[in-house]
Amino acid sequence: MKINKFFKYTLFVVGVSLLASCKDFLDINQSPNAVVDAPIEQLLTSATTSVGFFGGSDLHRYSALLAQQFSGQGQGATTQNQEYERYNIQGSDLNNVWNLMYATILSDLELTIQKANTEGSPHYAGVAKVLKAYMFHLIVDAWGRAPFTEALQFTENVKPNFDNGADIYRALHNMLDEAIVNLNATTSVKSPGANSTIYPGAYAASKPRWIKLANTLKLRLYLHESKSNRNTTIQNITSLIASGATFMDANTDNFQMAFINEARKQNSIHQFELDRVNQFFPNATLVDLMNSKFDPRRPRFFTPFPFTRPFDAASFTGAKGGDAPSVKYSRMHTYLRGDTTNAVAVVPQADGSIKNTDYTYNGTAPIRMLTFAEYNFIRAEAAVYGATGDAEAFYQAGIRASMSAAGVPTAQIDAYIAANGSLTGTEAEKVRKIIEEKFVANYGVVMEPWTDWRRTGFPAISAPTNALFATTPRSLYYPQVEIDLNNNAPSQKADLSERVFWDVQ
Amino acid sequence: MVSKKTKSNLGYAVSEISSKDLTTARVTNVTNALNAKVPGIRISGSGGSFTGSSIIIRGYTTFTGSNQPLFVVDGVPIDNSGGDTPLQSGPALSNRAIDLNQEDIESISVLKGAAATALYGSRAASGVILITTKKGKSGQKNSITYNANYAFQEVNRIPDYQNEYAQGSLGAFNPAAISSWGPRINGQQVPLPSDYRNKLVSPNDSVSLAAYPDNVKDIFRRGSNMQHNLSFQGSKDASTYRLSLGYLNDRGVLDNNNLQRYNVGLNASTEITSKLTAAISVNYSYNKSERTQQGNQLSNPLFRSWFTPRSWNLSGLPFENATGGQLHYDAAVDNPYWTIKNNLYNDLTTRVFGNFSLRYQLTNWLSAEYRLGVDNYAFKYSGYDQLGARGGANTAANGQGGIVEGIGLQRTLNSYFTLNGTKQLTDDLALNFVLGQETVDDVNNFSQVIGRGITVRNFRNLNANTTTFVPSFSTSQGRIIGVFGNVTTSFRNVASLDLSVRNDWNSTLLSGNNSYLYYSAAGTFNLTEALPVLKSRFLSLAKLRANYGRVGRASLRYATDSYYVTANPADGFGPNIQFPYNGLPGFTLSNTAGNPNLKPEFTATTEVGLDLSALNDRISLEFTLYQQKSTQIILSVPNSPTAGISEVVLNAGSLKTNGIEVGLTLTPIKTSKGFWSSTFNFTQFQSTVEELAPGVDNIFLGGFVTPNIRLVEGDAYGQAYGSAYQRDAQGRLLLNANGLPLPTANVQKIGNPNPDWTLGVNNNITYQAFSLNFLLDIRKGGDQYSRNLADLRRNGAVAETAEFNRLNEDGITVGTPYRFDGVFAPGTPNAGQVNEGAVEKRVSAQDYWGNSGRHVAAEGFIYDISWFRVREASLTFSVPKRMLTKSFLGGLDISIFGRNLYLYAPNYPHLDPEQNALGINNAQGLEFNALPQTRSFGVNLRATL
């Protein structure tokens, strides 16, 4: 009987205690695994790393295949890169890159700017605005129209309207001007330092580089309008130069991100080579162009095919869309993948090819996005059109900058300049020479080679024999996710011949 | 928690499976033992003998959350998570019901529909699998039971290969090709692939071309499944007990796919006083396994092995060199033997679950019970990726080698306090009621470190032997408080009414939205009791059932806030950056925005049914018709990423299921010497996505850019989407100038993975000491995107690709025996004309079966998986008692049994279609190089002392 009483008592206590203080008991729904607010420093690290990664990711492959810097190959089933190269790039293929650009990179940049404004850290706002302008101009160059003014409002507006490319470009110039003001601010509670993976280090050293990047990016944007609005381009470039703006003046100013030799921290072009073997080879358009000038960058850019040593005396063979898939081509080399650790050991196959695994690369080569070499080619081309500057001097400086970034010895650079450094002929011939050199120098640079081709028609490329349609695409389809989910988006393009605003006929 | 009710008064359909039916042909994962035995549920295995198996009861109740039922053992829920198979890395895993020992199960009841499950709370919205374990019975003599079981298992189907044509393409030999479109095999000398050159054959590097008909079959082994079970049970005075020991060893059909399980079970109860009863149930399991890599990755030993070139001596040539590096003809994938040996995964789960209860008889009609249930398990897994691995394997180390070590702790506490009353109000009117309170506290802890960059081959120590580390740790916790009540009244045996109500407070919603009420009502009306004139020798029972019920369900944890998460930029092809990067942490705003205003979602079921028994119960029928509707479903609704986020968690959308289930038992023969009975379990349901979120017409459930499985507004749950063939207005194929079909640019619906219906027929024929059981499993309809079948065909490996002579009379040039029926597409020279006569374009076997022909579009990979199979069969001889009287044995049964003994799948050649790339995921219908389904034969011995 005692036990029965004890049980009755226990029952009562248990019942009461379980029902008590319900509210605190249930108030546990904040995740211990994530934060509801993040420091501005780590937001910027995320943003700069994502920008660097992005530079060698999906959009690089699409644009490099279209511009024929690369060619899609494959063994067995048809690979996506073969399809992309023959212009079969669907809206659904673009979902990931769209998501990465807007929902990862631009959202972090936007939040960095907002936070910087609240916290009184204009230096952060300045850096984020430069990167934001960089990202948005790529969006315009690739798609033409895109959400800008109504974008990045998070849950406030999940169906942003689209803006015209020309309007976005105008706004980007303002954004870059504001960025420079912010970067120059005398006081800033916090300033980017080692936490920025682009121009890492003390702000005193990185500040001039961010400003040079902002101005050089303005030059790139002005030049993009050379086809649609030549006179304005000349005027804008001349007056920007006259304003005393600083521009890149050495390879150390290059807008690029260095990577490190650890799995999943290596550069994105190299990672793709590891993940998707035998799918992405240097294109014959690029290789043949360099072969025709005995370009000394080739042993850094490519492995020889057939494989022989020394590389300086070897021949190089590029791949071509539409040909039967093969691995009997040059492969990309140290310039894009970083140093090798086993250069001596490689023994080629009987047919002269090497296997994807023959070389071990450290994957630390930078992803380059806007280089000092390109700055020189921009100036050279602008000068040809009539803007301030000596076109030939800039042309040669561009070649030198690119070659020295690739590690070409000075003697070889001098010899190359002696043979190919003069800029003569009609305006069109000069532009061809400049763009062809720029095309080589921009090996591995996202978007710009395709943009240059659309602006100037150089280098001359012809559609692969198996192309889906005869003309090279002039913009990309709107991502399928946008068509599906945003009823304020324009209707899908009829085909890829739709031109962006600066690409007038 | 809720006392078991007598079936005669139930207003809803409950199906019960007895221990005997569960163990006809033993399996490793008890989930598979439910297959075809219950009307209204659908079990989908995902290949192999111990991977995940999905249970869908009466269709789908939610969009992207789990549709798996709640497992309840002896009144207390246990965890059945896991069983999703990753698409691009790692092995296929088991759902945790695999920890249960079938031998310890007395019966399984399947509760379907909201009226049956409302009392079980939010977690039961997709149904309940109610398991009762074996216990000692009061007054039972002490006894010992020993059961031994041994079965061989083997791959159920091996493709029918061609062995006429060699490795290569366009009739030419190529030692590096993955296809078998090469020359006719004729003993000619051909070069070895580069890995084997200068190493094996001297003086030249050529071999004589031959076919290796068993080069795929040899990858597999004959596996086995061994189970030993020993139990002691009985009673003494006012106490009962059952103690059981179990051992299981499952050796899969691929090397390094093994699972061992040890179970210890204890059930004991005692009457402390005449009014107070205490009981305890403890189940311990120790479950460890080794598994090979799975999915769409180059380290999956089956990634390209099913279509190994017919002339490739896969098993006869070495797969590794002297230093352990791999050798293979194909430089892009891992050699299957090498990856099985070198890319390793093993796991270990130790688990204790059970409950402690005290029951006190307050008065002769009222009792109180307190029950505390615990489910506590720890798991550890470890993966090793060899230097030089070409696939992602466990750690995606890009050939640098990697080790992953993970540990998890999962603990669920369930506390119940119930008052149970039973009162006979009048002679005719009985009343039962339950009042109860439930508290659930569930905590998961998970720690993992990935180390990459192996220095010393085969040294499996993460901290000593890898150079870079990616740790990840997480904790999550959820709590529910529920209060419930149930009243059942019955009027004689004529009618009954069952009313339930429950309110939950759930921690995953914010105050103001976190309390929700739901309820059910179920009634029966027994026509034969009400109108005895209906009762006859022909008709013994006619009962009508009807019910309505509604269950609320809250969201996943931590969906009420937006968070910043560790950055991880990635492209769609594998490359990504893992943080911390170079010593720097990085945070990014999660692409999924939380929502503080989330409310619970509800699933309501309306059900009517009829039970009939006729001809002295020789025929009994249970017929149920139901409609189920889920509303304000919680869902991550995708939006334009240009907003800076790509989805927001919302209450959106509705999902409706209409279904019929029929259980029919026939007993054509019933004599003193034996009987024959057959139970037909018919299941048909269709879940239709009525509405997604505003402006969203489809949602991605799983898969690839093409193909994938989607929810599409207005269509049945989980459709297969991918590229299709271009067709003209009349539905004819559009062909290019070469007479080959063209793919559509965008994805479209290419298949519906949901079956039209399934039927299980469980037969039991007993004659004297012999008993024959066999279970037929019939499935009508349902599509699968089969990567394996596509690969077998497009690479020219299977017999039909050599149906016609591939080469012309010269024996060298490629012939064109095939023609696609269709019309030439606009823009081609013969636009609009039918591909015949003068304009006919014939194509080669390689073009017809290959990537430019049938497999140009995902539509060409779709197969109807309708099947008829003998799922289980056993023949048991029970040694007659009279023969045992002089022995120490109380009973002795000997049986032979088999699983998957026969399969007829008219539209699915070469392989067993019972596979799913994503395991138990909601996305069903994709097959990507999964472990094959197995067939087994064995013997079972059961002795009772």
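The values are calculated or read from the model by the stated rules, or taken from the named source; none is laboratory data. Bear in mind that the values here come from a model prediction, so they are computed numbers and not experimental data. Heads up, the Cβs are rebuilt from the backbone with ideal geometry, glycines too, and the neighbour counts pull from every protein chain shown.
Assess whether A:Phe302 counts as being over 24 Å from the mean Cα position of the chain (by Cα) and more than 14 Å from every other protein chain (Cβ to nearest Cβ).
No.
Conditions: (1) touching a helix residue (DSSP H, G or I) at 6+ places or on another chain (Cβ under 9 Å); (2) within 14 Å of chain A (Cβ to nearest Cβ). B:Thr592 meets all but one. Number of the miss?
Only one criterion is unmet by B:Thr592, namely (1).
Residue-by-condition table, conditions (1) of a type in the set (Ser, Thr, Tyr); (2) buried (at least 23 other Cβ atoms within 10 Å of the Cβ); (3) farther than 30 Å from B:Val76 by Cα:
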position	(1), (2), (3)
B:Tyr286	yes, no, no
B:Arg291	no, yes, yes
B:Gln294	no, yes, yes
B:Leu302	no, yes, yes
B:Trp306	no, yes, yes
B:Asn321	no, no, yes
B:Ala331	no, no, yes
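Given B:Tyr717, B:Tyr725, B:Tyr721, which one is more than 14 Å from chain A (Cβ to nearest Cβ), in contact with a strand residue (DSSP E or B) (Cβ under 9 Å, 6 or more places away or on another chain) and crowded, with 23+ Cβ neighbours inside 10 Å? Give the derivation first.
Numbers: B:Tyr725 fails: crowded, with 23+ Cβ neighbours inside 10 Å; B:Tyr721 fails: more than 14 Å from chain A (Cβ to nearest Cβ).
Within the list B:Tyr717, B:Tyr725, B:Tyr721, the selection yields B:Tyr717.
What number of residues in region B:572-609 are of a type in the set (Ser, Thr, Tyr), under 20 Å from A:Leu106 (Cβ atoms) and surrounded by fewer than 21 Cβ atoms within 10 Å (Cβ to Cβ)?
So the count comes out to 2.
When you scan region A:414-505 for helices (runs of 4 or more DSSP H) that lie fully inside it, which ones turn up with 2 or more residues that are within 23 Å of A:Phe301 (Cα to Cα) and either over 22 Å from the mean Cα position of the chain (by Cα) or more than 14 Å from chain B (Cβ to nearest Cβ) (or both)?
Output list reads A:427-441, A:448-456.
Any chance region A:70-78 includes a residue that's hydroxyl-bearing (Ser, Thr, Tyr) and modelled with pLDDT of 95 or more?
yes
Just give me the residues in region B:95-115 being closer than 25 Å to B:Asn267 by Cβ and not in a strand (DSSP E or B), in sequence order. Talk me through it step by step, then tell me what you get.
Going through region B:95-115, the residues closer than 25 Å to B:Asn267 by Cβ turn out to be B:95-111.
B:Arg96, B:Ala97, B:Ile98, B:Asp99, B:Leu100, B:Asn101, B:Gln102, B:Glu103, B:Asp104 - these are the residues of region B:95-115 that are closer than 25 Å to B:Asn267 by Cβ and not in a strand (DSSP E or B).
Of all residues in region A:11-55, how many are modelled with pLDDT of 95 or more, more than 8 Å from chain B (Cβ to nearest Cβ) and part of a loop (DSSP other than H, G, I, E, B)?
The total comes to 1.
From the list A:Gln69, A:Gln75, pick out the single residue that is farther than 30 Å from A:Ile113 by Cα, surrounded by 24 or more Cβ atoms within 10 Å (Cβ to Cβ), of a type in the set (S, T, N, Q) and touching a residue at least 24 places away in the same chain (Cβ under 8 Å). Quick ask: steps written out before the conclusion?
Working: A:Gln75 fails: surrounded by 24 or more Cβ atoms within 10 Å (Cβ to Cβ).
The match here is A:Gln69.
Taking region B:573-586 as the search range and keeping residues that are within 7 Å of chain A (Cβ to nearest Cβ) and under 36 Å from the mean Cα position of the chain (by Cα), which one is nearest to B:Phe473 (Cα to Cα)?
Taking region B:573-586 and keeping what is within 7 Å of chain A (Cβ to nearest Cβ), we get B:573-578, B:581-582, B:584-586.
Filter once more, so that each one left must be under 36 Å from the mean Cα position of the chain (by Cα): B:573-578.
On the way: B:Phe573: 26, B:Gly574: 23, B:Pro575: 23, B:Asn576: 20, B:Ile577: 18, B:Gln578: 15 Å.
If we take residues in region B:573-586 being within 7 Å of chain A (Cβ to nearest Cβ) and under 36 Å from the mean Cα position of the chain (by Cα), then B:Gln578 is nearest to B:Phe473 (Cα to Cα).
Have a look at B:Leu245, B:Leu259 and point out the one that is without any contact (Cβ under 8 Å) to a residue 40 or more places away in the chain and in contact with a Leu (Cβ under 9 Å, 6 or more places away or on another chain).
Numbers: B:Leu259 fails: without any contact (Cβ under 8 Å) to a residue 40 or more places away in the chain.
From the options B:Leu245, B:Leu259, the qualifying one is B:Leu245.
Determine whether B:Gly478 is of a type outside the set (A, V, I, L, M, F, W, C), within 14 Å of chain A (Cβ to nearest Cβ), surrounded by 20 or more Cβ atoms within 10 Å (Cβ to Cβ) and more than 28 Å from the chain's Cα centre (by Cα).
Taking the combined requirement at face value, the residue does not satisfy it.
If I ask for residues that are touching an Asp or Glu at 6+ places or on another chain (Cβ under 7 Å) and either free of Cβ contacts under 8 Å to residues at least 24 places away in the same chain or over 22 Å from B:Asn754 (Cβ atoms) (or both), which ones from region B:668-697 would you list?
Correct list: B:Asp697 only.
How many residues does region B:416-456 contain that are assigned to a loop (DSSP other than H, G, I, E, B) and more than 10 Å from chain A (Cβ to nearest Cβ)? So that I can check it myself, show each step before the final result.
Step one: list which residues in region B:416-456 are assigned to a loop (DSSP other than H, G, I, E, B), which gives B:425-428, B:453-456.
Among the residues that remain, those that are also more than 10 Å from chain A (Cβ to nearest Cβ) are: B:425-428, B:454-456.
The total comes to 7.
Just to be sure I understand, how many residues within region B:393-415 are more than 8 Å from chain A (Cβ to nearest Cβ), small (Gly, Ala, Ser) and not in a strand (DSSP E or B)?
2
Here is a check on your reading of the model: is B:Leu931 in contact with a helix residue (DSSP H, G or I) (Cβ under 7 Å, 6 or more places away or on another chain), under 29 Å from B:Tyr150 (Cβ atoms) and in a loop (DSSP other than H, G, I, E, B)?
no
Considering only region A:56-93, how many residues are of a type in the set (Gly, Ala, Ser) and at the interface with another protein chain (Cβ under 10 Å from one of its Cβ atoms)?
Going through region A:56-93 one residue at a time, the tally reaches 7.
Hey, among the residues in region A:324-362 that are more than 14 Å from chain B (Cβ to nearest Cβ) and not aliphatic (A, V, I, L, M), which one's surrounded by the most Cβ atoms within 10 Å (Cβ to Cβ)?
This residue is A:Ser330.
Count, please, the residues in region A:181-235 that happen to be in a loop (DSSP other than H, G, I, E, B), β-branched (Val, Ile, Thr) and either without any contact (Cβ under 8 Å) to a residue 12 or more places away in the chain or surrounded by 15 or more Cβ atoms within 10 Å (Cβ to Cβ) (or both).
2
Given the conditions (1) crowded, with 21+ Cβ neighbours inside 10 Å; (2) touching a Gly at 6+ places or on another chain (Cβ under 8 Å); (3) assigned to a loop (DSSP other than H, G, I, E, B), which single one is not true for B:Thr28?
All conditions are met except number (2).
Need at least 2 residues that are hydrophobic (A, V, I, L, M, F, W, C) and under 30 Å from B:Glu16 (Cα atoms) per element, so show me which strands (runs of 3 or more DSSP E) inside region B:750-833 make the cut, counting only ones lying wholly within it.
Hits in region B:750-833: B:757-767, B:770-780.
Mind listing whichever residues of region A:258-308 are surrounded by fewer than 23 Cβ atoms within 10 Å (Cβ to Cβ) and small (Gly, Ala, Ser)?
A:Ala258, A:Ala284, A:Ser292
From the list B:Ser613, B:Ser687, B:Ser646, B:Ser678, exactly one residue is closer than 30 Å to A:Phe154 by Cβ and hydroxyl-bearing (Ser, Thr, Tyr). Which is it?
Selected residue: B:Ser646, the only one of B:Ser613, B:Ser687, B:Ser646, B:Ser678 that is closer than 30 Å to A:Phe154 by Cβ and hydroxyl-bearing (Ser, Thr, Tyr).
Looking at B:Ile105 and the list (1) crowded, with 24+ Cβ neighbours inside 10 Å; (2) among the hydrophobic types (A, V, I, L, M, F, W, C); (3) modelled with pLDDT of 90 or more, which single condition is not satisfied?
If we test B:Ile105 against (1) crowded, with 24+ Cβ neighbours inside 10 Å; (2) among the hydrophobic types (A, V, I, L, M, F, W, C); (3) modelled with pLDDT of 90 or more, just (1) comes out false.
Look through B:Thr524, B:Thr508 and report the one residue that is within 14 Å of chain A (Cβ to nearest Cβ) and surrounded by 22 or more Cβ atoms within 10 Å (Cβ to Cβ).
B:Thr508
In region B:18-47, which residues are touching a Leu at 6+ places or on another chain (Cβ under 9 Å), closer than 13 Å to B:Arg899 by Cα and of a type outside the set (A, V, I, L, M)?
If the condition is that a residue be touching a Leu at 6+ places or on another chain (Cβ under 9 Å), closer than 13 Å to B:Arg899 by Cα and of a type outside the set (A, V, I, L, M), then B:Thr24, B:Arg26, B:Thr28, B:Asn35 are the ones that fit.
Can you name the number of the only condition in (1) more than 10 Å from chain A (Cβ to nearest Cβ); (2) at pLDDT below 95 that B:Leu462 fails?
The failed condition is (2).
Among the residues of region A:99-153, write down those that are outside any helix (DSSP H, G or I) and more than 14 Å from chain B (Cβ to nearest Cβ).
If the condition is that a residue be outside any helix (DSSP H, G or I) and more than 14 Å from chain B (Cβ to nearest Cβ), then A:Gly120, A:Ser121, A:Gly144 are the ones that fit.
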